[in-house]
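A short worksheet on the structure shown next.
The values are calculated or read from the model by the stated rules, or taken from the named source; none is laboratory data. Nothing here was measured: the structure is a model prediction, and the numbers come from that model. Please note: Cβ atoms are built from the backbone with ideal geometry, for glycine as well, and neighbour counts cover all protein chains shown. Accessible surface areas use protein heavy atoms only, side chains included; no ligands, DNA or RNA. Shrake-Rupley method; radii C 1.70, N 1.55, O 1.52, S 1.80 Å.
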Amino acid sequence: MNLLLAATSGNWSLFLGRIHPLIVHLPIGILIIAFVLALAARSSRHTALKAALPLLLLAAFLSAVCSCVAGYLLSLDGGYDETLLDTHFYLGIAVAVISLVLYLLVKTSRLPRLHLPLFGVTLLLVSAAGHYGGSLTHGDDYLTQAMPPALQRLAGHKTAVATAAAYTTISDARVYEDLITPVLTTRCYGCHNAQKLKGGLRLETIALIRQGGEHGPVLKDSMPEESELYKRLILSENDEHRMPPKGKPQLSPQELELLYWWIAQGAPSGKTVKELGKTPRIQAVLAAMEPAAPMDHNEFVPEGNASAASGKSIQALEAKGVKVMPVATGSNYVSVSCINAAAFSDADMPLLHAIKDQLIWLDLSQTKITDAALPAIGQLQRLTRLELKQTAITGSNTAALNTCKELRYLNLAGSRLQATALAALQQNKKLQQLYLYQSGTDATAIRQLQQQLPKLKIDTGGYHLEKLASDTLIYKKAPAM
């Protein structure tokens, strides 16, 4: 009789075989209890525990035999790797045999010195049989997938980090490799891999998918409704042919939509999202899969890191009252603030050059620097933020800042600038924010700079907020009681 029909109609062989997962744990638990009692019985105070060992070992033997028989009947259902199945089966038989040997030795009190070593061998066999049984059911990487990264490296297993999809936007994602394969891995590989070959079907590669299984191809290009790979996913939960079977983790609606779209597009490999046609439904699914930007990313901190700044250089700055701090935990990039160093002047600028490879944020507000300091600031080529508020800067030499190619933020508020001060800033193509409040800057110069750098946000201050009725409080005398 065809196994598929047998599974549908039911029979005693299949029914007893499926009891195997229920009873296979009995000999394991019994043997562990027997081992613990055997250890305890070595003490003179617990010698009486030896009397329970023969009964426990006999129960372990009988339950191991029943488990082996049920496992054999289950194996007739097919779909398992033969080598893995045979290893698991013979280990189970070995557990039953050694349980019987232990029972006879303990029952007759023969060779007492061998009892504990045989218990140890039995537990090793039980562990090995359990490992291969788990591999048959869940795949040979069932344990290694759940290991912490350090333990995975020790076991020689490729970590999830090493196999993570390499795309930053969903449009650049490879449809099969980055979107479909993770779905198949989590939902389908458990039953369709080299070790557990349900229906003769393997799904680890696109070539194996196209090869199909015992009942023929599972893909019909561009026709999801006619493809077994998709059809079986949407059957009723009570249907025997539904995949994944009832009780297993099911595909989400988004995952179903992805598979439908992939098959409808011809089930291609090596194609990116932007290369394939998209319906409004799949566009909504893909939009929800767009990778989120890292929450801890700061656009004013360069990628990578720098070597640590010299402690002596930092001490020289701190002696002037300058505050030097790392911009983030674990980063060698630093922020320098002169908020408590009002006497900092042009002559002190060389102190900053000693940490120019680490200095990315600089605040010289309310110090004694002048335009003569601008060439020295221009040598700080990693600067991304520069505060020059309320200084004697007039902007006669702002062209010196053109060498600060990473400058994104510049604050000149309160510094009386010349009409030509902004013209040279047109070369700072990465500049994003410019603050000019109370700088006396010419409106025409601002307009010209904005035309050259249309993405630059220029803030001139002078905000006027509309007065609301709620801004006024009216106090009234309460009437006498």
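Close contacts from segment 19-41, counting a first residue that is under 29 Å from residue 74 (Cα atoms) and free of Cβ contacts under 8 Å to residues at least 60 places away in the same chain and a second that is among the aliphatic types (A, V, I, L, M) and outside any helix (DSSP H, G or I), with Cβ to Cβ under 7 Å and a gap of 6+ residues or different chains, come to none at all.
The lone criterion from (1) surrounded by 19 or more Cβ atoms within 10 Å (Cβ to Cβ); (2) at pLDDT below 85 left unmet by residue 224 is number (2). Among the residues that make up segment 380-394, is at least one of them in the same structural domain as residue 442 (by TED's automatic domain parsing), under 19 Å from residue 449 (Cβ atoms), at pLDDT below 95 and over 45 Å from the mean Cα position of the chain (by Cα)? There is at least one residue in segment 380-394 that is in the same structural domain as residue 442 (by TED's automatic domain parsing), under 19 Å from residue 449 (Cβ atoms), at pLDDT below 95 and over 45 Å from the mean Cα position of the chain (by Cα). Every condition in (1) surrounded by fewer than 17 Cβ atoms within 10 Å (Cβ to Cβ); (2) free of Cβ contacts under 8 Å to residues at least 60 places away in the same chain; (3) closer than 20 Å to residue 252 by Cβ holds for residue 188 except the one numbered (1).
Per the listing 355, 360, the residue uniquely open to solvent by less than 20 Å² (accessible area, probe 1.4 Å) and not in a loop (DSSP other than H, G, I, E, B) is 360. When we screen 337, 331 for residues that are modelled with pLDDT under 90, under 17 Å from residue 360 (Cα atoms) and in the same structural domain as residue 391 (by TED's automatic domain parsing), the only hit is 331. Only residues that are in a loop (DSSP other than H, G, I, E, B) and either at positive phi or exposed (fewer than 12 other Cβ atoms within 10 Å of the Cβ) (or both) were counted across segment 309-327, and they come to 2. Checking each residue of segment 47-58 against the condition of being modelled with pLDDT under 90 and touching a helix residue (DSSP H, G or I) at 6+ places or on another chain (Cβ under 6 Å) gives at least one match. Note on segment 227-254: among residues that are under 17 Å from residue 181 (Cα atoms) and touching a residue at least 60 places away in the same chain (Cβ under 8 Å), the one that is surrounded by the fewest Cβ atoms within 10 Å (Cβ to Cβ) is 249. For segment 422-447: of the residues being surrounded by 14 or more Cβ atoms within 10 Å (Cβ to Cβ) and in a helix (DSSP H, G or I), which is farthest from the chain's Cα centre (by Cα)? The extreme case among them is 445.
Select, from 304, 266, the only residue that is of a type in the set (Gly, Ala, Ser), surrounded by fewer than 17 Cβ atoms within 10 Å (Cβ to Cβ) and not assigned by TED's automatic domain parsing to the domain that holds residue 239. 304 is the lone residue from the list that is of a type in the set (Gly, Ala, Ser), surrounded by fewer than 17 Cβ atoms within 10 Å (Cβ to Cβ) and not assigned by TED's automatic domain parsing to the domain that holds residue 239. Out of segment 71-128, which residues are among the small types (Gly, Ala, Ser), within 18 Å of residue 54 (Cβ to Cβ) and modelled with pLDDT of 90 or more? Of everything in segment 71-128, those that are among the small types (Gly, Ala, Ser), within 18 Å of residue 54 (Cβ to Cβ) and modelled with pLDDT of 90 or more turn out to be 96, 99.
Within segment 363-379, restricting attention to residues that are more than 13 Å from residue 350 (Cα to Cα) and not small (Gly, Ala, Ser), the residue that is surrounded by the fewest Cβ atoms within 10 Å (Cβ to Cβ) is 370. Scanning segment 71-124 for residues that are open to solvent by 40 Å² or more (accessible area, probe 1.4 Å) and not in a helix (DSSP H, G or I) turns up 76, 80, 81, 109, 110, 111.
Flag: residue 345 matches the condition of being modelled with pLDDT of 90 or more and farther than 30 Å from residue 221 by Cα.
Counting the residues of segment 380-410 that are farther than 18 Å from residue 345 by Cα and open to solvent by 10 Å² or more (accessible area, probe 1.4 Å) gives 10.
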